[in-house]
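Visitor: Next up is a structure, given as structure tokens.
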Amino acid sequence: MASDLSVDNEIKRLTEKKIPLGYKRFVTHLSQIQNNLKQAGATNTVAITFYNLGSRQTLFYLEGLARIYRRIHNPKRFKRLRNDFKEIEDQLGRVDFYDGWVKEFSVQKDFPAVLLENFKEHMNSEVKILGELMVEKKWAGTNPGVITEILSELDSADWLTPEKDSNQIAGMMNDELLEFDRDYNEGTLDFHDIENGLHKFRRDVRWFSIYAQALNGLVQLKEVSVPNQKLTAYLTPEVLNSPYNKLPPLKEDVSPIYIEAPNFYALSWLINELGVLKDDGLRIHTLKAAAEETKFSNDLTFESLLKQLPVKSKCTIDEIVRKAEIITDKFIKEDSLLKLIGRDIRNSVPS
């Protein structure tokens, strides 16, 4: 069993040592997870504390790195690591799902108590599952050795030189953008299926934004003196001031990938807008499920019940889908923004 002190010392040693860039990126985010695990472990509410410390976002970064490197080298190794990170991140996501509804509906006047209690029960159940999973997979409990095991896997990977690392990552990111663009244009996604259509597309595109943060300085934004006028609508104060658009500074010995800032901000805008619409769709599904589970107002159709509930949005699924298709069509088909970002990436790679 690895103690917190021995793990801390190993992370400190690796942080101070000159190690391959890819390895160092993982260590940076593993250090944050280790700090969160220590803080959570000092409480009698390990799972919910680990969640409240923002661990899901850091696990997204680790999962993002594993997604990148499995397409560059050691695919089996990084697929294993990706699955390790994803398993915990997915369960944190289930906690977050119900936590979000509890927080939203708790402050809405006259929201039915029986429905709110249903969401709280689901959240508590997901927190319990998270705690059990953390112990089973050695993130917590009496044998929390997963960080040591992950570091061992990373230590023996076939890391590339800084230049090859940057070039391979640029190629991988460009390929993914082209795949997203092709999938959308070929109509393979049905936005009427909120979870497997709209939500999936948003998740796929959001990975690009996660990569930019996870790569810890490799991706840099390039300011342009005269922004493309057709992008003005995307450059809202909310987007420009978003912490997710403040990328880590460039590191020494790194060959950066430059993306024109307005193009990156536009992607952030799309992710945010699709997130709002996705939540509107999931809100309807979640309320319907809760009403059925609790047999709330059985004498009403769900559509009639929804009109009476004090909720943020009462758009129909068809209205949500139409809005999502309009903004995504403009982003991809009219403004060609995925192609523009791909161009920026390709221009960063020496010919």
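Rule-based calculations on the coordinates, nothing more; no lab input. In this text the structure is predicted, and so the values were computed from the model without any measurement. Note that we place each Cβ from the backbone using ideal geometry, even for glycine, and neighbour counts take in every protein chain shown.
Visitor: First measure r as the distance between the Cβ atoms of residue 289 and residue 125, then evaluate 1/(1 + (r/R0)^6) with R0 = 22 Å and state the FRET efficiency to the nearest 0.05.
Guide: 0.95
Visitor: Here is a further query. Out of residues 5 or more away from residue 222 or on other chains, whose amide H comes under 5 Å of its own, with H placed 1.01 Å from N in the peptide plane?
Guide: HN-HN under 5 Å from residue 222: 259, 260, 261.
Visitor: Then there is this: Name all residues of segment 59-89 having a backbone nitrogen under 11 Å from the label point set 7 Å from the Cα of residue 158 along its Cα→Cβ direction, giving them as ranges.
Guide: 72-76
Visitor: Still on this structure: Scanning the chain for helices, which whole DSSP H stretches are 27 Å or more long along the axis (Cα) and average -1.0 or more by Kyte-Doolittle?
Guide: Helix filter hits for the chain: 21-41, 113-136, 261-294.
Visitor: Moving on. Please give the charge dipole size of segment 4-155, origin at the Cα centre, charges +1 on K and R Cβ atoms and -1 on D and E Cβ atoms. Round to the nearest 20 debye.
Guide: My answer is approximately 880 debye.
Visitor: With a ≥ b ≥ c the root eigenvalues of the C-alpha gyration tensor of segment 4-155, is it rounded (a/c under 1.5), prolate (a/b larger than b/c) or oblate?
Guide: In terms of gyration-tensor shape, prolate.
Visitor: State which entries of 12/137; 222/339; 109/323; 18/138; 103/137; 103/330 exceed 22 angstrom in Cα-Cα distance in the structure shown.
Guide: Too far apart for the 22 Å limit: 12/137; 109/323; 18/138; 103/137; 103/330.
Visitor: Please give the FRET efficiency for residue 326 paired with residue 347, using the beta carbon to beta carbon distance and R0 = 30 Å, rounded to the nearest 0.05.
Guide: Efficiency computed from Cβ-Cβ geometry: 0.50.
Visitor: Where does each of 139, 101 land when they are ranked from fewest to most other beta-carbon atoms within 10 angstrom?
Guide: 101, 139
Visitor: While we're here: For segment 131-200, which GluC sites (Glu not before Pro) pass both filters: DSSP loop (anything but H, G, I, E, B) and at most 14 other C-beta atoms within 10 Å?
Guide: For GluC sites (Glu not before Pro) across segment 131-200 that sit outside H, G, I, E and B with at most 14 neighbouring Cβ atoms in 10 Å, the list reads 186.
Visitor: Taking the chain as a Gaussian network, where each spring joins two C-alpha atoms under 10 Å apart, which residue of 108, 57, 213 fluctuates the most?
Guide: Evaluated over the chain, the most mobile residue of the options is 108.
Visitor: Spin-label point model (7 Å from Cα, Cβ direction): what's the residue 87 to residue 304 distance in nm?
Guide: 4.8
Visitor: What is the sum of charges, Lys and Arg at +1 and Asp and Glu at -1, for the other residues whose Cβ falls under 9 Å from the Cβ of residue 56?
Guide: Net charge around residue 56: -2.
Visitor: Once the Cβ-Cβ distance between residue 97 and residue 226 is put in as r, and R0 is 51 Å, what FRET efficiency do you end up with, to the nearest 0.05?
Guide: With R0 = 51 Å, the Cβ-Cβ based efficiency is 0.75.
Visitor: Test of understanding: what is the full-extension gain from residue 238 to residue 71, defined as 0.36 nm times their sequence separation minus their Cα-Cα distance?
Guide: 56.8 nm
Visitor: Along the Cα-to-Cβ line of residue 18, 7 Å from the Cα, sits a label point; which residues in segment 150-166 have backbone N less than 13 Å from it?
Guide: 162
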